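Each reported figure results from applying straightforward, stated rules to the coordinates on display, with no laboratory input. Since this is a predicted model, take the numbers as computed values, not measurements. Cβ sites come from the backbone with ideal geometry, for glycine too, and all protein chains shown count toward neighbours.
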Amino acid sequence: MGAHIGTEETDGSGAARAARRDEAVRAAVDQGLLGPDSPVVALLDVTGIRESAAALRAAFEAVTAPGTAVLHAFAVKATPLVPVLRLLREEGIGAEVASPGELALARAAGVPAEMTVLDSPAKTPAELREALDLGIAVNADNPQELTRLDALMRSATSRSPIGIRVNPQLGAGSIEALSTATATSKFGVALRDEGAREWVVRAYLDRPWLTRLHAHTGSQGVPLSLMVRGAAETYALAEEINRRAGRRQVDTLDIGGGLPVNFASEATTPTYAQYARMLAGEVPGLFGGRYGLVTEFGRSLLAEHGTVVARVEYAKRSGGRAVAVTHAGVQVAARTVYAPQNWPLRIAAYDAKGRPKEGPVVVQDVAGPACFAGDLLAEGRSMPLLEQGDYAAALDTGAYYFAHHYAYNSLARPGVYGFWPGGRFAVVREAQTVREVVAESGGAQVDALT
């Protein structure tokens, strides 16, 4: 589940988050957001999101020299919802985007160009041109992309800070598919390949407009020690470039994001403060004021503050095991359904009135609505018995879950609601209708093939 090195969050803080969630589930049932005609919804804890953003800012402020430029750019891929990006913008958080769609979302949310960073391994000339026209920071992924930038920079004047993404090739975490610093990662210039480091240095010496350097080592399953080593390698390379240039050409280091999330309990671990202090201890030059800093956290800002709640449509037994058939499965939790060993979710049981369920603990499966046997949110889980009309809540799903709909069986996207204490809700995204499912599936072109 990633690096667990203790927690600075008190039990009370985790308990407060759980209490807000319990109140929201009960209020959603009371107000009809959840029920027979609306059997699955996603809930976002606005208070919790604000607290995470504040914790991130405070963690880096505590170790950074006064006056240092620090941009925390939220990885839009984690929760690509415009109201979420707007909320984070209000909290001083920018946007890291990796596609034209994500850039459009960030712009719709009002994130200014100077708080936006474009990262992608497959940027088209049109995407690069748009970023330069807007003044958005760009991290070039490879030599061919840098050649494209050469041509664009010859014909345009841009305010965009530009850098190169490097891969320090430090190895993988526990989830291979998410590890970006392996020997053969598709991202960035592989620094340990023959001649690569010298090529990077020479690229900077030949291009005075290259002023940033970027590496992203972290993700779920990656220990903090590996993340810190990635930042240290990036810092050392920047120092080498500046020494050989005879000036401070690289003025900003983008150290990426990827802080792991604890999916096993309410505790927030590791914390931003722990990571920042570890960085400061191992790479003090990062925080002395000679370099601006950019971070790109995503999952760690949103995961704990999202909950998918689904009505139990039927409760049955199979092979002696209890099975609760709900309306949340692969369409909202594809990672958990297809790779449960890497992405287990906590499930909370609520009764038909939205109150935390009590009673004897029973081993049971929590199944989704899709037509294949593996569509399970949880298998062999011990909890109070879920019965018809109850609710199962998939916790810690605020990132990479309900905003990444998988349209298996043409299941509709659930509505997303932000909530505040006191039972107040706001629509973040309307639930998809069956009519919209048909339209999205070529309904207006019914005769196209006949």
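Details
- Net charge of neighbours whose Cβ lies under 14 Å from the Cβ of residue 441, counting Lys and Arg as +1 and Asp and Glu as -1: 0
- Cβ crowding within 10 Å, taken as a proxy for footprinting-reagent exposure, orders 283, 434, 332 from fewest neighbours to most as 434, 283, 332.
- Convex hull volume of the C-alpha atoms in the range 237-318, normalised per residue: 153 Å³.
- Sequence-distant contacts, meaning Cα pairs under 8 Å at least 6 residues apart, place the relative contact order of the chain at 20 percent.
- With K and R counted +1 and D and E -1, the other residues having a Cβ less than 10 Å from that of residue 24 yield a net charge of +1.
- Euclidean distance of C-alpha centroids, the range 392-427 and the range 195-269, integer Å: 34
- At R0 = 41 Å, FRET efficiency that the Cβ-Cβ distance of residue 114 and residue 434 yields, to 0.05: 0.45
- Convex hull (Cα only) mean projected area of the range 46-302, reported in nm² to one decimal: 12.9
- Its relative contact order, with pairs defined as Cα atoms under 8 Å and 6+ residues apart, puts the range 46-302 at 22 percent.
- Taking a point 7 Å from the Cα of residue 346 along the Cα-to-Cβ direction, the residues of the range 20-50 with backbone N closer than 13 Å to it are 20-22.
- Note on the chain: Rg/Rh from C-alpha atoms, Kirkwood Rh, equals 1.00.
- Taking Cβ atoms as reference points and 15 Å as the exclusive limit, the residues near residue 409 contribute a net charge of -2, counting Lys and Arg as +1 and Asp and Glu as -1.
- Highest-first packing order for the peptide set 323-331, 43-51 is 323-331, 43-51, based on the mean count of other beta carbon atoms within 10 Å.
- Legend: ranking of residues 145, 379 from fewest to most surrounding C-beta atoms inside 10 Å; resulting order 379, 145.
- Likely footprinting exposure, 198, 114, fewest C-beta neighbours within 10 Å first: 198, 114
- Ellipsoid semi-axes for the range 302-450, based on the Cα gyration tensor and the rule √(5λ), read 28, 20, 14 Å when sorted largest first.
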